Amino acid sequence: MSLRRILTVDNAADLAVLKQKSVPVEGGVSDELRALMDDMLETMYDAPGIGLAAVQVGEPINVIVMDLAREEDDPAPQYYVNPEILWSSEELASYEEGCLSVPDIYDDVERPAQVKVRYLNYKGETVEEDAEGLYAVCIQHEMDHLKGVLFIDHLSRLKRDRAVAKVKKAARAA
Ligand code: NI
């Protein structure tokens with residue numbers, strides 16, 4: 001396994017990739033894809049974060065890794081290949097989100113409170129699950145990445161511009 005560089009919005013070339021629409025994985029879950037997911041998980045834990053889409057390490061394919069386990073609990077890695085949202089609740093919920101591609105910026109985003117998702121897991125099996133709470137927030141945030149959408153795109157233009165300026169300033173100071 002190896003760590004991958006996480007693309008961030010302060011870099012114009014990175015941003016162009018993050019804005020790309022990812023494409024579906026063809027032919028199921030291969031060993032090569034599992035190796036990428038292993039790298040993504042290691043990169044996410046190292047960051048640290050709770051979710052990462054493949055496009056964030058420069059691979060615009062429909063793949064996500066997440067781990068929503070609490071710090072005191074054992075790791076619970078989850079892998080999502082070609083995830084689809086089958087149903088979203090009308091009820092909305094607001095949650096303060098952050099993103100490894102928009103470091104140190106946090107803001108409230110409103111999304112459907114519950115969703116039903118279908119995806120292929122690490123073994124290539126089809127799974128259908130109901131998600132709510134943090135799970136619903138995280139899977140929708142990560143699936144936005146697959147459409148080239150960042151959580152700051154849900155904010156007002158003023159807040160978004162301010163967020164990007166702040167990330168750029170921090171990157172220059174580093
Ligand atoms: Ni993100």
About the Cα centre of the range 65-174, what is the dipole size in debye to 20, counting +1 per Lys and Arg Cβ and -1 per Asp and Glu Cβ, all else neutral?
940 debye
Any number yet on Rg/Rh for the chain, C-alpha, Kirkwood?
0.95
Arrange the peptides 140-151, 157-168, 3-14, 97-108 so that the one whose residues have, on average, the most other Cβ atoms within 10 Å appears first.
140-151, 97-108, 3-14, 157-168
Modelled FRET efficiency - R0 35 Å, L134 with A12, Cβ distances, 0.05 increments
0.65
Translational diffusion coefficient, Stokes-Einstein: compute it for the range 94-174 using the Kirkwood radius over C-alpha pairs as Rh, at 37 °C and 0.692 mPa s, and state it as an integer in µm² s⁻¹.
232 µm²/s
What list of ³J(HN,Hα) couplings, whole Hz, do you get for the range 2-18 from phi and the Karplus terms 6.51, -1.76, 1.60, once you set θ to phi - 60° and write x for glycine and proline?
8, 6, 10, 7, 8, 5, 10, 6, 6, 9, 4, 5, 4, 4, 4, 6, 4
Restricted to pairs 8 or more residues apart or on different chains, the lysines in the range 12-173 with C-alpha atoms under 23 Å apart form a number of pairs equal to 11
So what is the relative contact order for the chain, in percent, with contacts set as C-alpha pairs under 8 Å and at least six apart?
24 percent
Expected max-MSF residue from A47, A76, A16 in the GNM of the chain (alpha carbon, under 10 Å) is A76
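Each reported figure results from applying straightforward, stated rules to the coordinates on display, with no laboratory input. Keep in mind the model is a prediction, meaning the values are calculated, not measured. Heads up, the Cβs are rebuilt from the backbone with ideal geometry, glycines too, and the neighbour counts pull from every protein chain shown.
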